[in-house]
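These notes are about the structure you will find just below.
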Amino acid sequence: MSEKIINIKNVLTLMLICCFLWINGITVHAESQAVNEKEPNNTKETAQLIQANAETAAGSVSGSDPGEYVVYGTGSKEDDDWYKVYLNAGEQYITCNGNPFKFEVYTDTQNLIFIGAYDGLGFGVKAYQFMAPSSGYYYVRVNGNSSTPRSYI
C-alpha cells in the first residue's frame, strides 16, 4: 500500500511542476531569434526586411533551433503590416500564432501567390505550406481581423 502512495505522490509532484512551468510561460525555444514589427511598414515600399524561417522538426522537438525566426507584431483591419523576405525556390512554410489575422504572400513583381487566415483557435502554432516558384524576394502582407489592434506572431 505504501508503494502506491509513493507513486501517487510522484505523479502529483510531476503534475505540479508541469503546471508551474506552464503558468510561468517558460519557453523551450531558447535559440529562436525574435524581431519586433517596426512602423512604418504599411506598404510594400516600406516593408520591413526579415529573415526566412528555417527551423526543423528535430530542432523544434529538442527546443534548440537556431533556424527559428519569429516576428512579433500588432495589427488591425486598418493597419496592414508588410514584410520583405528572401526565399529559395521550393517548399516554404509560414507558421502563425497569437490572435486571428489574415496574410498574403506576393512575388517581387506583385503577383499574389498565397492567401491564408489564422483563426487563433486552439493552442499552439499552425503551419501553412506554399511553394515559392523561384528564389528571390517575397512580400508578406499581414492584416488583423479586428478594428482593435491585436498582437500576432
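Once the Cα-Cα distance is subtracted from the 0.36 nm per residue extended length, the S135 to D119 segment shows a gain of 2.8 nm.
Taking each residue as 0.36 nm, the span from K38 to Y93 lengthens on full extension beyond its C-alpha to C-alpha distance by 17.5 nm. By definition, a body whose alpha carbon gyration tensor gives a ≥ b ≥ c is oblate when a/c is 1.5 or more and a/b is not larger than b/c, and segment 74-134 fits this oblate description.
Label-to-label distance for T46 and K102 is 2.1 nm, based on points extended 7 Å past Cα in the beta-carbon direction. Under the 0.36 nm per residue contour assumption, what length would be gained going from the current alpha-carbon distance of L112 and Y128 to full extension? The L112-Y128 span can extend by a further 4.2 nm. For segment 89-96, the Karplus equation 6.51 cos²θ - 1.76 cosθ + 1.60, evaluated at θ = phi - 60°, returns couplings of 4, x, 5, 10, 9, 10, 9, 10 Hz by residue, with Gly and Pro reported as x.
Just so you know, all these numbers are worked out from the coordinates, no wet-lab data involved. Not measured: the values here are computed from a predicted model. No Cβ is skipped: glycine too gets one built from the backbone with ideal geometry, and neighbour counts run over all protein chains shown.
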